[in-house]
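This report refers to the structure that appears directly beneath it.
What follows draws every value from the coordinates through simple rules; no lab data is involved. Keep in mind it's a predicted model, so treat the numbers as computed, not measured. So basically every Cβ, Gly included, is an ideal-geometry build from the backbone, and we count neighbours across all protein chains shown.
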Amino acid sequence: MAISIASPSITPRANPERSLELALAAARTAADNRATDLVVLDLRELTSEFDYFVLATGTSRRQLHAIAEDIDNVLEKDLHDRRLGREGFDESRWILLDYGNIVVHLFDQETREYYRIEDLWGQAKRVDISHIIGPRVPA
């Protein structure tokens, strides 16, 4: 009986265009559900764990659940991708949706301000999503 020992290898990165497509679809879906403070961070130069973070804020548990469920539906049914994990859904202060190459973070306002994920990953490039969220109107 021969035993073969595989040499360690580096897992190839997923298709970056596909990762961006998924991130933008998640951001668009969050925007369609009236999420605020939408940000897409490009983390490809900072980590090999994932390509993009999508950050969004909701105003209520019900809204956060609707955003999470809608993102799942769009990514699964329209883009044929599958969520690998979900955290925080029951508490609904910070819902994390893990799709492997992208991670979606849905926050209530207080939790978003407390953790400041975009500051933690401050070196990440921000993806221009103005075509998704529309022009900003001054208050």
Quiz item: Do any strands (runs of 3 or more DSSP E) lying entirely in the stretch 52-139 carry at least 3 residues that are touching a residue at least 40 places away in the same chain (Cβ under 8 Å) and either buried (at least 18 other Cβ atoms within 10 Å of the Cβ) or small (G, A, S) (or both), and which ones are they?
Solution: 52-58, 102-108
Practice problem: Output the number of residues of the stretch 17-49 satisfying the condition of being under 21 Å from D78 (Cβ atoms) and under 14 Å from the mean Cα position of the chain (by Cα). | Solution: 17
